[in-house]
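To keep things clear, I will list the structure first and then write my remarks on it.
Computed from the coordinates by the stated procedures, all read-outs in this text should not be read as laboratory data. Bear in mind that the values here come from a model prediction, so they are computed numbers and not experimental data. Note that we place each Cβ from the backbone using ideal geometry, even for glycine, and neighbour counts take in every protein chain shown.
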Amino acid sequence: MIRRAWVIDDTNETLFAELDRSRYRTLKRGRKDNIVSIDLRIARLLVNLARTNENEVFLDPFVGSGIIAQEAMLVGAHVIGIDTNPRYLSMVGSGVYTDSINSDSLLSPIKDNSIHSIATDPPYNRLSISNIDLDSFYRKFAEESFRILRRGGYIAFSHPTYVDSLDWFLNLGFELVISGLQYVHGGLTRLIYVFRKP
């Protein structure tokens, strides 16, 4: 991991940037409420893969513990987090860049073509989405993402390998940028997808 970046010319050496990772350790230790959340490195990866930029509008439609939203805040994006559970939204905290919406992400109140980037780790536990089957859930997630994402915008998300969402996104017109696997533990391997809205 790069912690410092130097600019060196013929005679001078200048510190260009320095990264303070102390906030990451604090966030990791601060969770004592049994909410399942993804690893901080994967959260940062998803934010980066979604091409999240400073002062642009970023959305985590399944904000949960807020780890991905906090990573986007560190980039300087204007972050919107949506969750059906108000308890999760209160944990995300209020910052200069954070807006929290208590809503169903599959029926999002977000305006069409208003989001620059989306990164999320959708619920895949049947208890989390008990009123809808996984196939319908990911179809609706793809439709809502396509509706609210701006042209040229990116979405990065992960889900278990037993979920098949690729066709839903491609059939809507998303372009697949990259996909990969992340081994979590013996019972869980995640697929990571990055799509671009043309």
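Computed over neighbours whose Cβ is under 12 Å from that of Tyr138, the net charge equals -4, Lys and Arg +1, Asp and Glu -1. Using the Cβ-Cβ distance between Leu74 and Thr161 with R0 set to 35 Å, the FRET efficiency works out to roughly 0.75.
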